[in-house]
Structure formats: C-alpha cells, structure tokens
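Read through the structure below, which is laid out as structure tokens, and then see the notes.
Every read-out reported here was derived from the displayed coordinates using simple, explicitly stated rules and does not represent laboratory data. Computed from a predicted structure; not experimentally measured. Virtual Cβ from ideal backbone geometry, glycine too; neighbours counted across all protein chains shown.
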Amino acid sequence: MNRFAFASAADPVPAGYSTGPEMPADIAARDRLLDRAMGAAWRRKASEKLRRGRLPSLALVARDGAGRVFGTVRLWHVDAGGKPALLLGPLAVDPSFQGGGVGSALMRAAIVAAREGGHGAVLLMGDPEYYGRFGFSADRTGGLAMPGPFEKRRFLGLELRQGGLDCVVGVLRPTGVKVDASRRAA
Ligand SMILES: CC(C)(COP(=O)(O)OP(=O)(O)OC[C@H]1O[C@@H](n2cnc3c(N)ncnc32)[C@H](O)[C@@H]1OP(=O)(O)O)[C@@H](O)C(=O)NCCC(=O)NCCS
C-alpha cells in the first residue's frame, strides 16, 4: 500500500485496488471515466474555467490490480480573494465501483497531500451532504465567487491552517502553471 492509500474497517478500499499519482498515460482513461461518471457537462462547469490550460497541483487516481484507472481527483492552484488555496475537482469514481469507499479514499489522500504540501485551504464546488464528512462547509466561502454561475450552498471550503480562509473576498483566479509554459520549459 502506498502513502496515498487508505483503508479501515469503516471505509474499505476493495482488495487489489490502490490510489496514487496520476501518470501521463492515465489521462485518456481519466477523461473517459469523467465522461462516464459525470456526463459531458463536467467540461462546461464554472470550475473548468479555473482548470483549463493549467497544470494541476496534484492529480491522484484509483487503479485496479491490472492498473486500470477507475477513480480520479485533482487539485488546482487558485487565488481565493488574495489568499492562495487549492481548488479540488473533479472527483469521480467509475459508476461500477461507487459506494465502495474509493471516493472517500481519494478525498482523504488529497487532503493529506494538500496539508503535507503546506497549503492553507482547499475549496470545491460540490454537495455539502457528501463533502461535509471530510470537514468541508460553506461557512468560510461567503465572500468568494466562481468565474461563472454557481450555487452558493455548494461552494465549500476546508481550512488546513488556521486563518486559511480568513477575510477572503473576490472571484477565484487560476494561478497554476500554464500548460504551454510547462511544454516550453520541457
Ligand atoms: C461522488 C463520488 C465521487 C463518491 O464516490 P464513492 O466511491 O461512491 O464514495 P464513497 O463510497 O466513499 O461514499 C459513498 C457514500 O457517499 C454518498 N454520496 C455519494 N454521492 C453523494 C452526493 N452527491 N451527495 C450526498 N451523498 C453522496 C453515498 O450515498 C454513500 O453514502 P453512505 O456512506 O451513507 O452509504 C461518486 O459517487 C461519483 O463519481 N459520482 C459522480 C460524479 C460526481 O457527482 N462527482 C462530484 C460529487 S459532488
């Protein structure tokens, strides 16, 4: 089991499955998985405006024993009203494997990695009924907005450091490395 893998009696990851960093060879399978789990709509979400053309800060996948990708989560650098933060998403698990604790395993791995990376807060757009279990709430995001239509009750945040979302006001802006710049550097 690698450092991104989590399992407990209450939250089992199916035997033979693991979570770990996404590799370049996973990208096509990951996008097909997102289409299956979320439909094409994920490409049109307001969050996608903050992700398009940028490299993620962190990309994790869940893969089966044969290496096939069936879960994905990514985190992106953003400016949240003057404070650096990470925007999490999309999170998805292949419909055949939902309800097995894999989404939770990916969420916990992402949060641990963000904390270990010294980040102050994680933001996301999602159902509070799901993300509340990981500590996310709309309590600290009232002053923030997405660069497009969004539902306030689904705009959630988690402080990883005290004050990580203190006094944040403004529209989220992408701050991650641009894909073109990274290609030029390579
Ligand atoms: C959301 C998602 C990633 C969860 O992954 P998963 O592996 O099924 O999640 P887990 O097995 O860790 O947790 C399952 C629990 O979450 C609940 N859950 C899943 N999606 C939920 C939602 N949108 N709102 C409330 N609860 C939800 C399930 O009912 C289940 O509850 P239980 O533990 O009380 O039985 C997965 O369902 C998925 O890919 N959905 C489609 C893509 C999507 O909508 N992503 C964004 C979510 S806002």
> How many residues, within the range 152-186, are in a loop (DSSP other than H, G, I, E, B) and charged (D, E, K, R)?
Replying inline: 2
> Hey, among the residues in the range 92-108 that are over 18 Å from residue 132 (Cβ atoms) and small (Gly, Ala, Ser), which one's farthest from the ligand (Cβ to nearest atom)?
Replying inline: 96
>> For the range 121-151, give me each residue that is in a loop (DSSP other than H, G, I, E, B), of a type outside the set (Asp, Glu), over 21 Å from residue 167 (Cα atoms) and within 13 Å of the ligand (Cβ to nearest atom).
In response: 126
>> Of the residues 122, 102, 169, only one is hydrophobic (A, V, I, L, M, F, W, C), surrounded by fewer than 14 Cβ atoms within 10 Å (Cβ to Cβ) and at negative phi; which?
In response: 169
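Here's the yes/no breakdown for (1) more than 15 Å from the ligand (Cβ to nearest atom); (2) part of a strand (DSSP E or B):
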| residue | (1), (2) |
| --- | --- |
| 62 | no, yes |
| 71 | no, yes |
| 78 | yes, yes |
| 85 | yes, yes |
| 90 | no, no |
